[in-house]
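Scroll down for the structure; my scribbles are underneath it.
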Amino acid sequence: MYRAEVFVSLKPVVNDPEGITIRSGLHALGFTKVQEVRSGKYLVLTVDEADEASARSAVEEMARKLLSNAVIEDFRFELHQVAERTAVESR
């Protein structure tokens, strides 16, 4: 079992209206030194794969096919092995 933390962000050349709105809100709260905010998505997936290579391949394919839009977004992920399932959890 592996847990993947997937980070999806807009490409640097893509405008980020949500980031601009967040920056304005921070400025309104007195955090005027914030120069730029880029927003994105953070997803946590648990995948049941036999080994790290299979898990890495599966997560990469998921990110390319569904979790990100290749035209406007980039993604990266971190993969961590989690405890194996016990016999009770497997039922």
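Residue under question is A4, and the condition is that it be in a helix (DSSP H, G or I) and either modelled with pLDDT of 95 or more or surrounded by 15 or more Cβ atoms within 10 Å (Cβ to Cβ) (or both); does it hold? No: the conditions fail for A4. Of the residues A58, A50, A63, the single one that is at pLDDT below 95 and either assigned to a helix (DSSP H, G or I) or under 11 Å from Y2 (Cβ atoms) (or both) is A50. Among the residues making up the range 8-17, a single one is without any contact (Cβ under 8 Å) to a residue 60 or more places away in the chain, surrounded by 13 or more Cβ atoms within 10 Å (Cβ to Cβ) and either charged (D, E, K, R) or not in a loop (DSSP other than H, G, I, E, B) (or both): D16. Against the criterion of being exposed (fewer than 12 other Cβ atoms within 10 Å of the Cβ), at pLDDT 95 or above and of a type in the set (A, V, I, L, M), L29 qualifies. Checked against the criteria, G25 does not count as in contact with a Lys or Arg (Cβ under 9 Å, 6 or more places away or on another chain) and either without any contact (Cβ under 8 Å) to a residue 60 or more places away in the chain or among the charged types (D, E, K, R) (or both). Apart from one condition, I20 fits all of (1) in a helix (DSSP H, G or I); (2) under 18 Å from the mean Cα position of the chain (by Cα); the exception is (2). The residue that is nearest to A70 (Cα to Cα), among those in the range 23-57 that are within 16 Å of the chain's Cα centre (by Cα) and among the aliphatic types (A, V, I, L, M), is L43.
The values are calculated or read from the model by the stated rules, or taken from the named source; none is laboratory data. Please read these numbers as outputs of a predicted model, since none were measured by experiment. Backbone-built Cβ (ideal geometry, glycine too); neighbour counts: all protein chains shown.
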